[in-house]
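The values are calculated or read from the model by the stated rules, or taken from the named source; none is laboratory data. Quick caveat: nothing in here was measured; it's all calculated off a predicted structure. Every residue, glycine among them, receives a Cβ derived from its backbone with ideal geometry; neighbour counts consider all protein chains shown. For accessibility, only protein heavy atoms count, side chains too; no ligands or nucleic acids. Shrake-Rupley method; radii C 1.70, N 1.55, O 1.52, S 1.80 Å.
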Amino acid sequence: MEKWIPFIPERASTVAGRVDALYFFLVGVSVFFALLIAGLELYFAIRYRRRSPGEMPAPVHGSMKLEMLWVVIPFLISMVMFAWGSSLYFTIYRPPKDALDIYVVGKQWMWKLQHLDGKREINELHVPVGRKIKLTMTSEDVIHSFFVPAFRIKADVLPGRYTSVWFEATKPGRYHLFCAEYCGTSHSGMGGWVTVMEPADYEGWLSGGRAEGSLASTGEKLFQDLACVSCHRSDIQGRGPALKGLFNRPVRLEGGQTVIADEGYIRESILNPRAKLVAGFPPIMPTFQGQITEEQLLQLLTYIKSIGPEETPAAPPSPEAQAPSGGAGVTRKENVKQ
Ligand code: CUA
């Protein structure tokens with residue numbers, strides 16, 4: 001179907017057809033009115049040309065009907081564009097809850113990708129076909145932009161915060177990945193490939209190679225190495241807030257406001273702990289700005305997500321209470337493999 005339209009990249013995601021439909025509608029409307037206006041200009045110039053040197057046309061005093069026509073019709077058309085465009089926008093930039101998480105760090109000039117089970121890739125991304133994939137992305141330096149034309153997704157990757165985009169690939173294959181934001185000398189070389197595989201092949205690929213431990217378990221180790229665990233305890237109330245079940249829940253702050261503990265909030269709390277103090281806790285946490293890399297931040301984030309609501313409340317408050325949190329990470333990984 002796409003063969004007969006030149007310059008259109010292959011369609012390999014669930015939203016690709018919808019993006020193209022909107023694109024063709026916008027182009028169609030523009031071409032229709034451009035031709036209509038240019039044609040009428042030409043026609044009127046000939047039809048109403050001055051036929052004798054003294055010819056003067058009768059003055060025109062406006063027409064309410066005509067005025068309304070060229071206000072109402074463009075208004076309706078632009079409202080269609082607005083509603084259609086925003087519905088598509090929200091589809092693409094609001095990741096579904098059941099998506100598989102993959103973390104992306106952009107830097108001059110490469111893409112670093114981390115899978116939940118700990119597998120890492122550079123400028124290559126392997127994903128299963130027919131599975132929703134959520135990318136949580138950040139940059140180590142300047143602004144980049146993650147662009148896969150065949151999936152019709154593009155999202156800026158910004159230093160100092162997380163952005164996300166999702167897709168579901170519809171056919172196996174290899175698709176070009178680009179950086180779509182000029183980011184320095186080798187911007188044009190900052191690309192790679194997304195390999196979409198049958199689920200069985202993907203499982204095989206995932207289990208191959210060296211095992212580094214899941215992102216959450218690496219994060220848990222980091223959580224201990226950085227001594228986060230000495231204040232954020234899971235057995236007793238420590239000097240810092242307990243983190244169990246924290247992710248995506250509302251948090252009451254000193255000063256009365258409430259924020260949702262999403263990726264951005266957790267990131268900010270690690271790098272700049274005093275920005276949003278949890279009600280009832282003193283400002284004693286040191287900053288980790290400059291001490292951990294973006295990838296380590298993502299590992300910590302995955303760990304904090306993993307000690308989420310899956311934890312059984314029946315777990316005894318003993319020193320072994322650390323163990324179930326590691327277990328929760330495993331549970332999460334198994335969920336992913338379903
Ligand atoms: Cu990164 Cu352009």
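If you plug the beta carbon distance of Ile37 and Glu268 into 1/(1 + (r/R0)^6) with R0 = 35 Å, you get a FRET efficiency near 0.10. Per residue, the solvent-accessible area of the chain (1.4 Å probe, heavy atoms of protein chains only, all protein chains present) comes to 57 Å². For the pair region 1-74 / region 169-222, the C-alpha centres are spaced 44 Å from each other.
Determine the share of the chain's accessible area contributed by carbon and sulfur atoms, expressed in whole percent, with a 1.4 angstrom probe. In the chain, the share of accessible area belonging to carbon and sulfur is 63 percent. Based on Cα atoms of region 118-244, Rg over Rh with Rh as the Kirkwood radius reads 1.06.
Phi angles across region 130-146 convert, under the Karplus curve 6.51 cos²θ - 1.76 cosθ + 1.60 with θ = phi - 60°, into 3J(HN,Hα) values of x, 10, 6, 10, 9, 9, 10, 10, 8, 10, 7, 9, 10, 6, 10, 8, 8 Hz, Gly and Pro given as x.
Is any residue of region 33-56 close enough, with backbone N under 19 Å, to a label point placed 7 angstrom from the Cα of Trp70 along the Cα-Cβ axis, and if so, which? Only 33-49 fall inside the zone, counting backbone N under 19 Å. Measuring against 25 Å, Cα to Cα, the residue pairs Lys97/Lys221; Lys134/Lys171; Lys107/Lys171; Lys154/Lys244; Lys221/Lys244; Lys119/Lys305 contain Lys97/Lys221; Lys107/Lys171; Lys154/Lys244 as the ones spanning a longer distance. For region 1-137, DSSP calls about 65 percent of its internal beta bridges antiparallel. The listed peptides 292-299, 26-33, ordered by packing as a protection proxy, come out as 292-299, 26-33 (highest mean of other Cβ atoms within 10 Å first).
Kirkwood Rh over Cα pairs of region 26-177 into Stokes-Einstein at 20 °C, 1.002 mPa s: D in µm²/s? For the chosen part, D equals 106 µm²/s. Calculate log10 I(q)/I(0) of the chain for q = 0.08, 0.15 Å⁻¹, where I(q) comes from the Debye formula with a single equal point scatterer on each Cα and nothing for solvent. At q = 0.08, 0.15 Å⁻¹ the computed log10 ratios are -0.53, -1.30. A probe of 1.4 angstrom, applied to the heavy atoms of all protein chains, finds Leu36 with accessible area near 80 square angstrom.
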